[in-house]
Amino acid sequence: MQNESRIDPKIIEEILKFSKNVIDAPKLVAAPDEINLEVTPHEVVQKIDKTRLLHYKPIIETKHKTPLLISYALINRFHILDIHPQKSWVRNLLEQGFEVYMLDWGTPTSMDKYLDFDDYVNGYLDSSVEYIKISHRQKKYHYKGIVRVQQLLQHILHYIQKV
């Protein structure tokens with residue numbers, strides 16, 4: 001008598017179904033560059049290295065004279081506050097008549113290991129503040145740091161007070 005091993009047909013069917021799902025998966029999930037985030041219209045008004053200063057296009061007439069600069073944690077992306085029109089903090093500010101800017105730090109790479117805190121505060125952040133102050137011909141601006149960026153704000157305010 002021959003020792004014959006049999007595989008349950010249900011197991012074979014599950015393996016085939018799983019294999020098909022693995023093959024079809026890339027077709028079902030959009031690539032990051034194919035995702036439409038529906039961010040609020042903006043223009044890049046300043047670019048330094050990877051950083052970009054975004055100026056959001058007003059929705060209504062500006063009601064607040066003092067512009068607002070928003071920055072977020074260095075590891076997040078600028079659209080975290082503007083993913084969908086109905087859930088956008090940026091759009092909400094524009095609808096209230098604020099002049100809104102956002103500092104996009106860019107996507108970190110291995111080259112960033114050569115940057116230090118001074119580069120971010122006295123370089124990128126300070127350049128954005130200066131651009132806004134010159135563009136609006138005023139010394140005042142509002143700043144909102146999201147997550148750890150508030151630490152940067154404290155440092156830049158200290159720096160500005162010294163000047």
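Figures for the structure shown
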{"read-out": "Contacts under 6 angstrom Cβ, first residue in region 40-58 being in contact (Cβ under 8 Å) with a residue 12 or more places away in the chain and under 12 Å from residue 102 (Cα atoms), partner assigned to a strand (DSSP E or B) and among the polar types (S, T, N, Q), 6 or more apart", "value": "53/46"}
{"read-out": "Where residue 11 falls short, out of the listed (1) at pLDDT below 85; (2) surrounded by 10 or more Cβ atoms within 10 Å (Cβ to Cβ)", "value": "(2)"}
{"read-out": "Boolean, residue 113 is outside any loop (DSSP other than H, G, I, E, B), modelled with pLDDT of 80 or more and of a type in the set (Lys, Arg)", "value": "yes"}
{"read-out": "Failed item, numbered, when residue 137 is tested on (1) out of contact with any Ser or Thr (no Cβ under 6 Å at 6 or more places or on another chain); (2) under 23 Å from residue 63 (Cβ atoms); (3) charged (D, E, K, R); (4) surrounded by 14 or more Cβ atoms within 10 Å (Cβ to Cβ)", "value": "(4)"}
{"read-out": "Flag if residue 85 is of a type outside the set (A, V, I, L, M) and under 23 Å from residue 127 (Cα atoms)", "value": "no"}
{"read-out": "Selection within region 119-163 - at pLDDT below 75 and of a type in the set (A, V, I, L, M)", "value": "146, 147, 149, 152, 153, 156, 157, 160, 163"}
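The values are calculated or read from the model by the stated rules, or taken from the named source; none is laboratory data. Quick caveat: nothing in here was measured; it's all calculated off a predicted structure. FYI the Cβ positions are ideal-geometry reconstructions off the backbone, even for glycines, and counts take in every protein chain you see.
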